[in-house]
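In what follows, a structure is listed as structure tokens, so that the remarks can point back to it.
The values are calculated or read from the model by the stated rules, or taken from the named source; none is laboratory data. This one's a predicted model, so the numbers in the text were calculated from it and none came from an experiment. For neighbour counting, all protein chains shown are included, and Cβ atoms are generated from backbone atoms with ideal geometry for every residue, glycine included.
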Amino acid sequence: MDLRQGIGLRKLGKTTDEFQQDLLSNLYYRRGTTVESASARDAYEALSQTVRDHLAERRARTAAAQFASNPRWVYYLSAEYLLGAQLEQNLLYSGTGDLAAEAVKALGFSLEDLEDLDVEPGLGNGGLGRLAACLVDSLATRDIPAVGYGIRYDLGIFRQVITENGQTELPDDWAFQGNPWEFPAPDDRQTVGFYGHTEPIPGSETRKTWVPGEIVLGEPSHMLVPGYGTETVNIVRLWSAKASEASFDLSRFSAGQYAEAVQEAVRAENISKVLYPDDSTELGRELRLKQQYFLVSCSLRDIVRRFRLRNEGWDTFADKTVIQLNDTHPTIAIPELMRLLVDEYEVPWEKAWEITRKTFAYTCHTLLPEALETWPVRMFEKLLPRHLEIIYLINMLFLREVEARFPGDHDRLRRMSIIQEEPERRVRMAHLAVVGTEAVNGVAELHSKLLRETVLDDFAALWPAKFQNVTNGVSPRRFVKLSNPRLSDLITEGLGDDGWLRDLERLAGLERLADDSSFRERWQAIKRANKVDLAVGDPDSLTDVMIKRFHEYKRQQLKLLHVITLYQRIRQNPAADWVPRTVLFAGKAAPAYHAAKDIIRLIATIAARIEADPVVSPYLKVVFPSNYNVTLAERIIPAADLSEQISLAGKEASGTGNMKLALNGAITIGTLDGANIEIRARVGEDNFFLFGMDAYEAAQARANGYHPRHYYERDDELRAAMDTLISGIFGDVGRRVAGSLLDWDEYLTLGDFRSYLESQEHVEKTWRDTARWTRMSILNTAHSGFFSADRTVADYAARIWRVAPVAVPRLD
Ligand code: CBF
């Protein structure tokens, strides 16, 4: 029996009876309960384990096939993963949905009841974390050998409660009841050092010994990441911080000093306690840097362990390994790999540097200068003394290279240095990431262009070939098939089969159906039914959604000025023929970002005011469901008519919500920002509501001395909306928001106001023509095929990673 090929595995139940048997085994043997006394949770756990077994069997075959082919592995390092709920996805990806529905029915439960118990792991904050989840899904779907590495935060992104007072944050103990999707792997535990000092190694100029002052253990567990329509099951490996045995002080405990006895252990375990600890204090900032190094150190040791299983020489390391840095958070991986190679494995510095540069690639996800991470040198010196020495050496050699290319250009050296000197010495992580990698990419065409032209222009001048674009994408399985089953069925019927789920460009076949009135009616009926399910407003109203993190550059405040203007227009002329609208906001603001929290509070206040107004409320409703997460997005997106993508041009790197909404037939109102540009180019100018300055006009406006008051003074409706805020009828928060817009308006909200309003009028005119609107909606879906994460992964694979798929043989 060839165990390595997984041939020794028991065949899993493929009929209802067999599946039922497996479910009962799990109920009896793993849950230790009986059919008579099984609770919904027992049934959920037993079902999850049964489904998981199906995937685990595929995982065993995947591991065998991948090991046998000795491929170049993709290792994706990300501080965030927003994986979404697992049960529904895994039922779909294992093809066990129907079997499961029957089996749980016999136990007296419905699948929906059990799906409600499935808590999504909120291990991320926004677009970057969800992108990571879409990419690992597509890596598996494309049969690419890959491991995603991350942190298993005990508390994920906070749970948000919205009241009239705005946002309240509560802890998200997502795994409080356990997590049936996770496999602990304590044998692969790693040891991570912090603090301490370095000592020279006699006879070596580059090698050093690092003597850490604190040791923390990293314990991995993994979640399975199945591919869709294929056998491959990859993994995401998540690290938890554990105190070493030595950190428990038994003598203090015996002396009754219980808190003191565990304080070191608590400090160690705090590393994976929360996602993005508050960084308004020095300790909080240090904890974030500790998290980053913890992720990197555990993951690199694991990657090296896997490489060394084969006893190949270091010369082949980069041929077998590509490590993608998801933004700058894992950038310390560059000096860490150098440290491992030079200090621990005695690889000469030059060789180690060649290997390192060929191994890493870096994705930048921002254009906001303040989002490009830097860390104080003194913090590095204290926490990671050896890494700082390595960074200094990397920087010295790098600056020599720059000097050789641009002799005497001291200003350039200062700008490009990995170390910022003024006003405080800091390590520039994005510079380190560019210097230490083979490829750097932005996440939409405009973003990549602006990176080359502005934020990273000096680096692009030095290494033009290093800079690439890979436009983001999203999973059509999660964001159409699972979240919008009605539309998914109609698309499958319209196209003749469901091949589009693996080849999304096939949606183009819907174009011919856009002119078929009966198809349009069915399309429209589905949108309506999805709105009924969402149950936030009149399903016949225009459902206008703005769902994304709260940030001033995204300009939720612009949407709010539109709402206030509509409110005033309706009040002035209640008898006019208004288009009823439900405006839905959802999203979280970082707990310490007060301006964004003010905007949330203002929305909540205005929503309540409108609701209580009998003149306006029949036509306008503002809703703000709490706790935006993947699960909520999956409910809102299918019901959206209008997708608000109204950031100031040149600020949103890409956006992925824009793609999900267009894919589900929402029509975008947006600026020429991020991936909006590519969406518009594909769906067609007539099927997109454009407004506002483009990125170059916006930069010009700022450079020429932008004056928000100029717009306020010249536009009566804008002034009226602002004056309402200033009057204080919406409280101090209204005054604060208006004040910041009038005094500075960093993101040119007032400058784009009139253009936005005009575009919204165009929206309403179009909405009145249902056939036209529905046609546009169908064409949005039909031409969104490019925005599949499968295409994104294929781009990375071909142009950056240079990796090939490895097919996993079927069992039968
Ligand atoms: O690339 C994925 C997303 O990343 C962000 O969310 C980020 O965290 N930097 C950007 O803001 C988005 O534009 C981008 O789509």
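For this structure, a couple of remarks:
- A Cβ distance below 6 Å, combined with a sequence gap of six or more or placement on separate chains, defines the contacts here; from the range 510-534, residues that are in contact (Cβ under 8 Å) with a residue 40 or more places away in the chain reach no residue that is among the small types (Gly, Ala, Ser) and surrounded by fewer than 13 Cβ atoms within 10 Å (Cβ to Cβ).
- Going through (1) within 16 Å of the ligand (Cβ to nearest atom); (2) without any contact (Cβ under 8 Å) to a residue 12 or more places away in the chain; (3) of a type outside the set (Val, Ile, Thr) one by one, residue 372 falls short only on (2).
- On inspection, residue 810 fails the criterion of being in the same structural domain as residue 480 (by TED's automatic domain parsing), of a type in the set (Lys, Arg), more than 28 Å from the chain's Cα centre (by Cα) and at negative phi.
- Tallying residues that are within 16 Å of the ligand (Cβ to nearest atom) and out of contact with any Lys or Arg (no Cβ under 9 Å at 6 or more places or on another chain) within the range 438-453 yields 9.
- Boolean, residue 433 is within 16 Å of the ligand (Cβ to nearest atom) and either in contact with a Cys (Cβ under 6 Å, 6 or more places away or on another chain) or small (Gly, Ala, Ser) (or both): yes
- Where helices (runs of 4 or more DSSP H) fall entirely within the range 33-143, those with at least 1 residues that are within 16 Å of the ligand (Cβ to nearest atom), within 21 Å of the chain's Cα centre (by Cα) and touching a residue at least 60 places away in the same chain (Cβ under 8 Å) are at 127-141.
- Hey, residue 291 under 20 Å from residue 210 (Cβ atoms) and assigned by TED's automatic domain parsing to the domain that holds residue 199 or not: yes
- Flag for residue 476 being more than 16 Å from the ligand (Cβ to nearest atom), within 24 Å of the chain's Cα centre (by Cα), farther than 19 Å from residue 365 by Cα and touching a residue at least 24 places away in the same chain (Cβ under 8 Å): yes
- Of the residues 341, 337, 325, the single one that is within 16 Å of the ligand (Cβ to nearest atom) and touching a Ser or Thr at 6+ places or on another chain (Cβ under 8 Å) is 325.
- Test: residue 413 is closer than 13 Å to residue 459 by Cα, over 32 Å from the mean Cα position of the chain (by Cα) and surrounded by 14 or more Cβ atoms within 10 Å (Cβ to Cβ): yes
- Applying the set (1) within 16 Å of the ligand (Cβ to nearest atom); (2) of a type in the set (D, E, K, R); (3) exposed (fewer than 15 other Cβ atoms within 10 Å of the Cβ) to residue 260 leaves exactly one unmet item: (1).
- Summed over the range 315-351, the residues that are farther than 19 Å from residue 387 by Cα and surrounded by fewer than 16 Cβ atoms within 10 Å (Cβ to Cβ) give a count of 3.
- Filter pass, residue 731 being touching a helix residue (DSSP H, G or I) at 6+ places or on another chain (Cβ under 7 Å) and farther than 30 Å from residue 775 by Cα: yes
- Number of the exception - residue 56 against (1) within 30 Å of residue 108 (Cα to Cα); (2) out of contact with any strand residue (DSSP E or B) (no Cβ under 9 Å at 6 or more places or on another chain): (2)
- Applying a threshold of 6 Å to beta carbon distances and a minimum spacing of six or more residues, or different chains, the list of pairs starting in the range 721-748 at a residue that is within 15 Å of residue 601 (Cα to Cα) and ending at one that is acidic (Asp, Glu) and modelled with pLDDT of 95 or more reads 733/598; 736/598; 737/598.
- The set of residues in the range 43-72 that are among the β-branched types (Val, Ile, Thr) and within 17 Å of residue 14 (Cβ to Cβ) comprises 50, 51.
- Candidates 193, 178 - the one that is crowded, with 16+ Cβ neighbours inside 10 Å, within 22 Å of residue 238 (Cβ to Cβ) and in the same structural domain as residue 299 (by TED's automatic domain parsing): 193
- Total residues in the range 144-163, condition part of a loop (DSSP other than H, G, I, E, B) and more than 15 Å from the ligand (Cβ to nearest atom): 7
- When residue 126 is tested against (1) at pLDDT below 95; (2) over 26 Å from residue 504 (Cβ atoms); (3) surrounded by 19 or more Cβ atoms within 10 Å (Cβ to Cβ), only condition (2) is not met.
- Restricting the range 286-308 to residues that are under 23 Å from residue 81 (Cβ atoms) and charged (D, E, K, R) leaves a set whose member that is surrounded by the most Cβ atoms within 10 Å (Cβ to Cβ) is 290.
- If you go through the range 527-551 and keep only what is in a helix (DSSP H, G or I) and surrounded by fewer than 23 Cβ atoms within 10 Å (Cβ to Cβ), you end up with 528, 529, 531, 532, 533, 534.
- Of the residues contained in the range 269-290, one or more are found to be within 16 Å of the ligand (Cβ to nearest atom), not charged (D, E, K, R) and not in a helix (DSSP H, G or I).
- Some residue of the range 171-190 being small (Gly, Ala, Ser) and more than 28 Å from residue 628 (Cβ to Cβ): yes
- Residues located in the range 436-449, provided they are more than 30 Å from residue 390 (Cα to Cα) and crowded, with 22+ Cβ neighbours inside 10 Å: 444, 446, 447
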